[in-house]
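Q: Here it is, the structure in full.
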Amino acid sequence: MAGTLVELTPAEVSAFAAREPAWLRALRLAALQDAAGLPLPQSKQTPVANAAFAAPGLGQAPLISFVDLPAGVEVMDLRDAIAAGRPEVEKHLGRLFKEGAHRLHALHLATFAGGLYCRVSRGVELKEPLQVTLELGGGSLYAPHVLVVMDDGARADLILELRGEAGAEPSLRGAVEIVLGEAAACNYTEFQRLPGRTQTYWSRRAELGRDARLHWILADVGARLSVADTRTYLRGSGAEARVLASFFGGRRQHFDFQHIMVHEAAHTTSDIEARGVLQGKARAVYNANSIIQRSAKGASGWQHEHTLMLSDEARADLIPELEISEWEVSAGHAASAGPVDPAQIYYMESRGISPVESRRLIVAGFLASLLHDIPLRDVRQRIADIFQEKVEL
Amino acid sequence: MARPELIIEGLRVGIEGREIVKGLDLTVRGGEVHAIMGPNGTGKSTMASALMGHPSYEVLGGSATLDGQDLLAMSVDERARAGLFLAMQYPAEISGVSNANFLRTALNARRAEDDLMPVMQFHRELKAKMASLEIDPSFAERYVNEGFSGGEKKRNEILQMAVLRPRIAVLDEIDSGLDIDAVKLVANGVSQMLSDDLGVLIITHYQRILNYINPTNVHVMMQGRIVRSGGPELAMELEARGYEWLRQELGIDEPITEEA
């Protein structure tokens, strides 16, 4: 990746963190020190100007649609959780970025600002999904951090929407950390519909305890440049993780997504299912890796990636990988990219459906299976509608 | 509205530079059921596909009008909205799109923006039409043609026809690959729709479907042209004697080419 990094000094970071507790200031300064020795994120295909993401970020309060929160569930701005001295924040924040981190991750920890904190106590089950929106304003760089901690047996679904004021063109650098205790279960839905000139650098990490279950349901439709990496650690036996990633790029949008599953324990299962649609001169780079470590006997890790090309000028690079160090596992991948089947278009047109409406239906059908698990029907429908409306002829 | 009228004159159609339909004349009006019969490779299906506007077929000459409008100047979806329907031999599968959604979109494509069919009314009518074709209600939510048996696909074509109410329907080998019970069901479905507001053109190899839909006109197509026309008795004669006598009578002895 090209681009130089803005030089940050410890004094600047200390000033940035002046009102924060000592542990966080220390974490930020340590991260800044680490940053110098860490490599830059590498992607041959994606020209990220790192400088755009390396500055201290602005905070933006999350909009939380309250449901009746039962006792044992907390949802708040991360700043408030820090100020209130929640011990889980000190315990977990940044922990999942210690492994495999690169310089932008470290700089993020040194300079993140605000975000979301969600905690579900042991055995508590939230019946309705939590809906949270991060709406970016007119600033230059936003740097939220999302921390979700669910104790043993907790169950909750979270829907996070990333959007921005029309006409704004901020950069967004953010991170998500999800910690699931034993048998905890979470559907995490993230819908990225940022304005057309936004650049994003977004990292997600999750750690699953024994028999925990996490579904990442990721839908990307906005931003000029969207770079995201997701890494899920299956640490307890029987843990199950899925990525259901859908995206739709048009014009000159550039997406670079990386999904990694790390199987550390026996009988863990993972599935990465990605479906993208590209039109105009859009480009998608898609990496997936299922890593099955020596300790993960009986693990299963699968990947399916399909891209529907609506234009000859769009481009998709699909790079599926498997790293398997254990016997008695099941793993594999299938990847494909291709145009819409002209026989389908002809058939739909022969029923009086216009060419553009035919493509809309095909796109909706292509992506439908990935939106199934979104826990709220109206959210699911809204995402499906936005995907459909994006089809240009 | 006047009775539907499809007029085909001197139609010539080619595919990949090869002429398949070589000057076809045919008029189908509302209330009429025409059957086009003939051996494989004589251009029956090519004619049907060209009428609908399949992009692989090239119209080399002639004309086709529906209610006086020039069909050949229209795009595929315009032809459909003008009232032409083609029940296809090999309908496409569309994953992720339910039959109900597909049909409602097709129906609404024919209606003004402010006159879209209410969802509840649509489902009521769809349900009634599925029942009359003995189609299981679960069909509505299954994806278009995905995992359908041959018979289900054909019944789905007829269901679409029933919902979309075309003015002229071309049924391209709607009986092929079906057992006799399925043929009966499909034929009865079509028969229920017959009226002066619908003209039907049935393309078939076999006479048996005509036992359940009485044709008003029967045509035999060979080597890209209609070589004989008559009433229902012509179909009976073909059933009894095959095509060979006609071929000899007309002095046609060229080998039969593959159906395109």
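Each reported figure results from applying straightforward, stated rules to the coordinates on display, with no laboratory input. All of these numbers come straight from a predicted model, not from anything done at the bench. Here the Cβ positions follow ideal geometry from the backbone for every residue, glycine too, while neighbour counts run over all protein chains shown.
Q: Restricting to Cα pairs below 8 Å that are 6+ residues apart, what does the relative contact order work out to for the stretch A:10-340? Please round to a whole percent. Each step should come with its number before you reach the end.
A: Numbers: 971 pairs, mean separation 36.1, N = 331.
Computed over the stretch A:10-340, the figure is 11 percent.
Q: Across the residues of B:93-99, average count of Cβ atoms on other protein chains within 10 Å? Walk me through the numbers on the way to the answer.
A: Details: counts 4, 11, 6, 12, 9, 2, 0.
Partner Cβ neighbours, averaged per residue: 6.
Q: With each run of n ≥ 4 DSSP H residues scored as -39500 (n - 2.57), what mean residue ellipticity at 222 nm is computed for chain A after dividing by its residue count and rounding to the nearest 500 deg cm²/dmol?
A: Helix contribution divided over all residues of chain A: -6000 deg cm²/dmol.
Q: Stick to the Cα atoms of the stretch A:268-356, pair each with every other, and give me the Kirkwood hydrodynamic radius in Å at one decimal.
A: Numbers: mean 1/r = 0.0661 Å⁻¹.
Its Kirkwood hydrodynamic radius stands at 15.1 Å.
Q: So what J values fall out for the stretch A:318-332 if you push phi through Karplus, 6.51 cos²θ - 1.76 cosθ + 1.60 with θ = phi - 60°, rounded to Hz, Gly and Pro as x?
A: Along the stretch A:318-332, the couplings run 10, 10, x, 9, 10, 10, 10, 10, 9, 7, 6, 10, 10, 7, x Hz.
Q: Could you work out Rg/(2.2 N^0.38 Å) for chain B, with Rg from alpha carbons only? Spell out each step's value before the answer.
A: Numbers: Rg = 18.2 Å, N = 260, 2.2 N^0.38 = 18.2 Å.
Rg over 2.2 N^0.38 Å, computed on Cα atoms: 1.00.
Q: How large, in Å, is the stretch B:26-65 by the Kirkwood hydrodynamic radius built from its alpha-carbon pairs?
A: Working: mean 1/r = 0.0847 Å⁻¹.
Its Kirkwood hydrodynamic radius stands at 11.8 Å.
Q: At most 14 other Cβ atoms within 10 Å and a DSSP loop assignment: could you name the trypsin sites (Lys or Arg not before Pro) in the stretch A:294-342 that fit? Each step should come with its number before you reach the end.
A: Values: sites: A:R294, A:K297, A:R315; in loops: A:R294, A:K297.
In loop regions of the stretch A:294-342 (DSSP not H, G, I, E or B), the sparsely surrounded trypsin sites (Lys or Arg not before Pro) are A:R294.
Q: For the stretch A:1-155, what are Rg and Dmax over the alpha carbons, in angstrom?
A: In Å, with Rg to one decimal and Dmax whole: 16.8, 49.
Q: Seen from all sides and averaged, what is the projected area of the convex hull of the Cα atoms in the stretch B:135-247, in nm²?
A: 8.0 nm²
Q: Ok, one more. For the protein assembly as shown, give the share of DSSP beta bridges that are antiparallel, in percent and rounded to the nearest 5; count only bridges with both residues there. Don't skip to the answer; put the middle values down first.
A: On the way: 33 of 179 bridges.
Close to 20 percent.
Q: So who's got an amide H within less than 5 Å of the one on A:A245, skipping anything under 5 residues away but keeping other chains? H placed 1.01 Å off N, in plane.
A: When sequence neighbours closer than 5 places are left aside, the close amide H contacts are A:L218, A:E273, A:A274, A:R275.
Q: Ok, one more. How would you rank A:W327, A:W202, B:W245, A:W302, going from fewest to most other Cβ atoms within 10 Å of each one's own Cβ? Mind showing how you got there, number by number?
A: Numbers: A:W327 9, A:W202 25, B:W245 12, A:W302 19.
Fewest to most other Cβ atoms nearby, the residues stand as A:W327, B:W245, A:W302, A:W202.
Q: Right, another one. Take the residue pairs B:K22/B:K44; B:K44/B:K129; B:K127/B:K153; A:K281/A:K390; B:K44/B:K127 and return only those whose Cα atoms are more than 22 Å apart.
A: Values: B:K22/B:K44 11 Å; B:K44/B:K129 29 Å; B:K127/B:K153 17 Å; A:K281/A:K390 14 Å; B:K44/B:K127 33 Å.
Where the Cα-Cα span goes over 22 Å, the pairs concerned are B:K44/B:K129; B:K44/B:K127.
Q: Restricting to the stretch A:10-340, compute how many DSSP beta bridges are antiparallel as a %, nearest 5. Could the numbers behind the result be given before it?
A: Details: 8 of 136 bridges.
Roughly 5 percent of the DSSP beta bridges within the stretch A:10-340 come out antiparallel.
Q: What is the set of long-range amide H partners of A:S203 at a cut-off below 5 Å, with H atoms built 1.01 Å from backbone N?
A: Long-range HN contacts for A:S203: A:G174, A:A175, A:V176, A:D229.
Q: Further question on the same structure: Once the principal axes of the Cα atoms of the stretch A:320-382 are found, what is the range along each, listed largest first in whole angstroms?
A: Taking max minus min along each principal axis of the Cα atoms, the stretch A:320-382 gives 55, 32, 14 Å.
Q: Test of the criteria: in the stretch B:2-43, which GluC sites (Glu not before Pro) are in a DSSP loop and have at most 15 other Cβ atoms within 10 angstrom of their Cβ? Before the final figure, lay out the partial values.
A: Working: sites: B:E5, B:E9, B:E16, B:E19, B:E32; in loops: B:E16, B:E32.
The qualifying sites are B:E16.
Q: Using Cα-Cα distances under 8 Å and only pairs 6 or more residues apart, what relative contact order does the stretch A:140-238 have, in percent?
A: Values: 271 pairs, mean separation 28.4, N = 99.
It comes to 29 percent, rounded to a whole number.
Q: How much net charge surrounds A:C186 when only other residues with a Cβ under 10 Å from its Cβ are counted (Lys, Arg +1; Asp, Glu -1)? Don't skip to the end; give the middle numbers.
A: Details: positive: A:R155, A:R213; negative: A:D157.
Summing Lys and Arg as +1 and Asp and Glu as -1 gives +1.
Q: If amide H atoms are built 1.01 Å from N in the plane of the peptide, which residues on other chains or at least 5 residues away come under 5 Å of the amide H of A:G301?
A: Placed amide hydrogens put A:S270, A:S330, A:A331, A:G332 under 5 Å from A:G301.
Q: In chain B, what percentage of the DSSP-assigned beta bridges are antiparallel, given to the nearest 5?
A: Expressed as a percentage, antiparallel bridges in chain B total about 60.
Q: Another one. Determine ³J(HN,Hα), in whole Hz, for all residues of the stretch A:92-102 in sequence, where each value follows from phi through the Karplus function 6.51 cos²θ - 1.76 cosθ + 1.60 and θ = phi - 60°; x replaces Gly and Pro.
A: 10, 4, x, 4, 7, 9, 6, 8, x, 6, 10
Q: Could you give the longest part of chain A that holds none of the GluC sites (Glu not before Pro) found in DSSP loops with at most 15 neighbouring Cβ atoms within 10 Å? Let's see the in-between values first.
A: Details: sites that count: A:E7, A:E99, A:E165, A:E313, A:E328, A:E392.
Counting only loop sites that pass the neighbour cut-off, the longest clear stretch is A:166-312.
Q: Moving to a separate point now. Which number comes out as Rg/Rh for chain A once both Rg and the Kirkwood Rh are worked out on C-alpha atoms? Walk me through the intermediate numbers first.
A: Details: Rg = 20.6 Å, Rh = 21.4 Å.
Rg/Rh: 0.96.
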